[in-house]
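> This is the structure I have questions about; it appears just below.
The values are calculated or read from the model by the stated rules, or taken from the named source; none is laboratory data. No experiment lies behind these values; they were computed from the predicted model shown. Methodologically, a virtual Cβ is constructed for each residue, glycine included, from the backbone with ideal geometry; neighbour enumeration extends over all protein chains shown. Side chains are part of the model used for accessible areas, which takes the heavy atoms of the whole protein and leaves out ligands, DNA and RNA. Shrake-Rupley method; radii C 1.70, N 1.55, O 1.52, S 1.80 Å.
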Amino acid sequence: MIETAAAPDLEAIAAKLAKLQAALASGLPRERCLRRWSEFIRERDGQRCVDCHSRQRLSAHHICRKSFIDGAQFQTGNGITLCSACHREMHRGFNARPDLSLPVDAQGGEKLASMERLYSILTDDAVERGLMRDDFYFLTDELLTSFKRMQGYDSTTYFPGSRIEQAYLILAEGEAGARRALAAANGIPMTDQPLLPGGLYLVVAGEGGETQKGIVIQTYMPRSKSSSV
């Protein structure tokens, strides 16, 4: 049976977060901290799968695998509650420790398209339930920078929205190096500015034989912004 989430219990969510923070501050063993992290994620998500809304056999799933970027394992914005069927789908295929000397997702374990989708639906869920807060959905600058570099962007490149929406937008970008190579092969200029969903990249011919220039037209409207308590 598929159910929607009840009104969020902010006190219960905050209590689970406090337990996670206390466990991390006390230096408790990793497994105990992961248990506290999992309890928080499931409480925040209303004890149902954020993808299909089932309440059966739930797990807290790391959107960015902890074996890929170790520092992401306890970040609250890197978790989403999934039922057993949706969780199994996320781990289908390669599920071992990645070889970091290879290109990103060369072994098929990171599933970048799935990561993009999960950050997107988590953003929608947080907005719809009025829960978008920095502490409930936190990702560090370091993790977001890792995503930017993975996609070929400078660490200072701006992406709008809350932190989890930024993660979605970064992963939704075409890999910058591939875009530049394609543009060079076709003799057109390319900007380093992101082309957000729905945006347009126009190439304008210069007058009197002048060099062409590219113009980015952005139409994307952020769905969220983070707020503090």
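> Scan the range 76-107 for residues that are modelled with pLDDT of 95 or more, outside any helix (DSSP H, G or I) and over 18 Å from Leu171 (Cα atoms) and jot them down.
If the condition is that a residue be modelled with pLDDT of 95 or more, outside any helix (DSSP H, G or I) and over 18 Å from Leu171 (Cα atoms), then Thr81, Leu82, Cys83 are the ones that fit.
> Against the conditions (1) assigned to a loop (DSSP other than H, G, I, E, B); (2) over 23 Å from Tyr168 (Cβ atoms); (3) modelled with pLDDT of 95 or more, where does Ala18 fall short? Just the number, please.
(1)
> Another question about this same structure. Check the range 187-201 and report whether any residue there is open to solvent by 30 Å² or more (accessible area, probe 1.4 Å) and in a helix (DSSP H, G or I). Walk me through it before giving the result.
From the range 187-201, those open to solvent by 30 Å² or more (accessible area, probe 1.4 Å) are 187-193, 195, 197-198, 200-201; that's our starting set.
Still in the running and in a helix (DSSP H, G or I): none.
No.
> If you scan the range 59-75, which residues turn out to be outside any helix (DSSP H, G or I) and within 21 Å of Glu165 (Cα to Cα)? Walk me through how you get there before you give the answer.
Filtering the range 59-75 for residues outside any helix (DSSP H, G or I) gives 59-69, 73-75.
Matches in the range 59-75: Ala60, His61, His62, Ile63, Cys64, Arg65, Lys66, Phe68, Ile69, Gln73, Phe74, Gln75.
> While we're on this one: Would you be able to tell me the number of residues in the range 34-58 that are out of contact with any Ser or Thr (no Cβ under 7 Å at 6 or more places or on another chain) and not in a loop (DSSP other than H, G, I, E, B)?
9
> To continue, here is another question. In the range 145-174, how many residues are surrounded by fewer than 22 Cβ atoms within 10 Å (Cβ to Cβ) and closer than 15 Å to Phe74 by Cα?
Going through the range 145-174 one residue at a time, the tally reaches 0.
> Under the condition of being of a type in the set (D, E, K, R) and assigned to a helix (DSSP H, G or I), which residue from the range 134-144 is least open to solvent (accessible area, probe 1.4 Å)? Give the steps one after another, and end with the answer.
Taking the range 134-144 first, the residues of a type in the set (D, E, K, R) are 134-135, 141-142.
Then drop every residue that is not assigned to a helix (DSSP H, G or I), which leaves 141-142.
Numbers: Asp141: 91, Glu142: 127 Å².
Ranking the qualifying residues of the range 134-144, first place goes to Asp141.
> Taking the range 7-54 as the region of interest, how many residues are closer than 27 Å to Glu128 by Cα, of a type in the set (S, T, N, Q) and open to solvent by 50 Å² or more (accessible area, probe 1.4 Å)?
Residues flagged as closer than 27 Å to Glu128 by Cα, of a type in the set (S, T, N, Q) and open to solvent by 50 Å² or more (accessible area, probe 1.4 Å) within the range 7-54 amount to 2.
> Consider the range 117-133. How many of its residues are in contact with a Ser or Thr (Cβ under 7 Å, 6 or more places away or on another chain), in a helix (DSSP H, G or I) and open to solvent by less than 40 Å² (accessible area, probe 1.4 Å)?
Filtering the range 117-133 for residues in contact with a Ser or Thr (Cβ under 7 Å, 6 or more places away or on another chain) gives 123, 126-127, 132-133.
Filter once more, so that each one left must be in a helix (DSSP H, G or I): 123, 126-127.
This time we only want the ones that are open to solvent by less than 40 Å² (accessible area, probe 1.4 Å), so: 123, 126.
Adding up the residues that qualify gives 2.
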